[in-house]
1. Can you say whether Leu32 is within 20 Å of the chain's Cα centre (by Cα), buried (at least 16 other Cβ atoms within 10 Å of the Cβ) and outside any strand (DSSP E or B), as far as the supplied structure shows?
2. Going through region 101-131 one residue at a time, which ones are farther than 19 Å from Glu163 by Cα, of a type in the set (A, V, I, L, M, F, W, C) and part of a loop (DSSP other than H, G, I, E, B)?
3. From the list Val265, Val251, pick out the single residue that is modelled with pLDDT of 95 or more and under 19 Å from Leu196 (Cβ atoms).
4. Take the residues in region 58-79 that are in a helix (DSSP H, G or I) and touching a helix residue (DSSP H, G or I) at 6+ places or on another chain (Cβ under 7 Å), then tell me which one is nearest to Thr106 (Cα to Cα).
5. Check off (1) within 21 Å of Met282 (Cα to Cα); (2) out of contact with any strand residue (DSSP E or B) (no Cβ under 6 Å at 6 or more places or on another chain); (3) surrounded by fewer than 16 Cβ atoms within 10 Å (Cβ to Cβ) for Ile66 and give me the number that stays unchecked.
6. If I filter region 151-165 for residues that are at pLDDT 95 or above, of a type in the set (Phe, Trp, Tyr) and farther than 19 Å from Val251 by Cβ, do I get at least one hit?
7. Just for region 101-114: of the residues that are surrounded by 18 or more Cβ atoms within 10 Å (Cβ to Cβ) and aliphatic (A, V, I, L, M), which one is farthest from Leu229 (Cα to Cα)?
8. Residues being under 25 Å from Ala281 (Cβ atoms) and surrounded by fewer than 20 Cβ atoms within 10 Å (Cβ to Cβ): count how many of those fall in region 174-208.
Amino acid sequence: MTEVLSITQDYIKNHVSPRDQNSKKGDNGIVLVIGGSSLYHGAPLLASLSALRAGADLVYTAVPKIIVSAIRSYSPNIIALPMTDSSLTIGSANRLIKGLPKIPHTATIGMGMTLSKTEALNSLVKKLRENGTKLVLDASALIPQVLSDITETDTIITPHPGEFKRIFNEDVGGSEEDIHSIVSKMAIKHKITIILKGWLNVIADETGKIAAIRRSTPAMNVGGTGDVLAGLVAALYSRTNSSFDASALAVYFNGVAATIAVEKVGFHMMATDLIENIPNAMKPFDKITI
């Protein structure tokens, strides 16, 4: 087994992308969030706010039109793109791609989303990749049928153990060694980057590189923290070509933000508390180039 990397403050300092003093809107990341349903309107909203707090210049939030008003009313920072159908269909996916204001650097897909047919997700993934958009797949997008479209790509997936079992038909195991081994095996086999979420967060890529970050607090069991992570990953991945570094940075900052939130509210943290503290987690590592 390859040595498991330790994600320290020095690692973070060395891998955070600096911001150019003369950059213009869009240079620091354009992110597309695709998700939501009549039941889960909050999931794509949390991912979008997280991506904005992580420093992305532009975030487009594509959700079914039945929840667009709810999404828009929450914050003036949200750019909501209404999708015609209540679930993801091939037609709604095609119309979304054609109507994008700008080509996103990254797209995070799946949080709170309902699929009409698996072919709709396959079509969406293919069209985004044809446009050069890097992908982060979460939640409902983590199905076996999508593996053939993301294998040997720079895609990041963010499963918890149940979603890992669903997409790979493999259990992650119980011991740290077992978890490291099975996550790394699947990342190498499919040539993708995997973030396994849980009490032990494991990041592995196709090269065999692997890192582990223990969950910072059990308060992160609250719903929505995975959506926040998906937004963080997408924002950070929009500014680097390294899927591994973006994943490691996102998991680290997510954990630090949760620690700061718990210091304020204890085990009564909500996902929005986590988002509010992303700047506090990231600001000490801000860099600028002139």
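The values are calculated or read from the model by the stated rules, or taken from the named source; none is laboratory data. Quick caveat, the model's predicted, so the values are computed rather than measured. Positions of Cβ are generated from backbone atoms using ideal geometry, with glycine treated the same way; all protein chains shown enter the neighbour counts.
1. no
2. If the condition is that a residue be farther than 19 Å from Glu163 by Cα, of a type in the set (A, V, I, L, M, F, W, C) and part of a loop (DSSP other than H, G, I, E, B), then Ile103 is the only one that fits.
3. Within the list Val265, Val251, the selection yields Val251.
4. This residue is Ile71.
5. Here Ile66 meets the rest and fails (1).
6. no
7. Met113
8. Count: 4.
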